[in-house]
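The values are calculated or read from the model by the stated rules, or taken from the named source; none is laboratory data. Note that the structure is predicted; figures quoted are calculated from it, not measured. Every residue, glycine as well, gets a Cβ built from its backbone with ideal geometry; the counts of neighbours run over all protein chains shown. The accessibility values were calculated without ligands, DNA or RNA, using every heavy atom of the protein model including side chains. Shrake-Rupley method; radii C 1.70, N 1.55, O 1.52, S 1.80 Å.
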Amino acid sequence: KPLERSTPPIKVGDAYAACEVKNIVPFGIFVSLRPGTDGFCHISELSEQYIRNIEDVCLSIGDKVDVVVSEINNNRYRIEVTSDFEIKTSKKPRESGGQNRKDR
């Protein structure tokens with residue numbers, strides 16, 4: 001009988017580097033935290049910028065991202081992506097009065 005190694009439980013605040021993007025769905029992305037355990041990041045939490053469509057996020061299945069576990073509910077892991085990635089913008093962002101913006 002082989003010895004089973006126990007893996008430490010995943011906790012809120014745990015950071016994981018170079019997690020593979022496993023699936024991209026209209027409402028967010030799934031990444032592999034470790035073998036057999038995926039985490040989910042909702043589209044609204046991918047960026048401080050508003051993302052209208054997941055197609056605007058320049059991430060693909062197989063890409064590597066750094067993440068932090070933000071919530072655990074019934075062994076489901078919500079994550080925040082801490083890596084930088086590009087977001088396509090189809091039109092100029094709306095101006096919000098009084099803020100300086102770096103445009104091009």
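Residues TYR77, TYR50 ordered from highest to lowest accessible area at a 1.4 Å probe: TYR50, TYR77.
Write out the GluC sites (Glu not before Pro) in region 53-89 meeting two conditions: DSSP loop, and at most 10 other Cβ atoms within 10 Å of their Cβ. Let's see the in-between values first.
Working: sites: GLU55, GLU71, GLU80, GLU86; in loops: GLU86.
Filter output for region 53-89: GLU86.
So for region 14-81, what percent of the C-alpha to C-alpha distances run longer than 18 Å? Value for region 14-81 (Cα pairs over 18 Å): 28 percent.
Fully extending the segment from LYS22 to ASP84 would add 20.6 nm, taking 0.36 nm per residue of separation and subtracting the current Cα-Cα distance.
Mind ordering 9-17, 26-34, 57-65 by average Cβ neighbours within 10 Å, highest first? Can you show the working numbers first?
Details: 9-17: 12.3, 26-34: 17.1, 57-65: 14.1.
Top to bottom by mean Cβ count within 10 Å: 26-34, 57-65, 9-17.
Rolling a 1.4 Å probe over the protein heavy atoms of region 14-81, with every protein chain left in place, gives an accessible area that is 44 percent carbon and sulfur.
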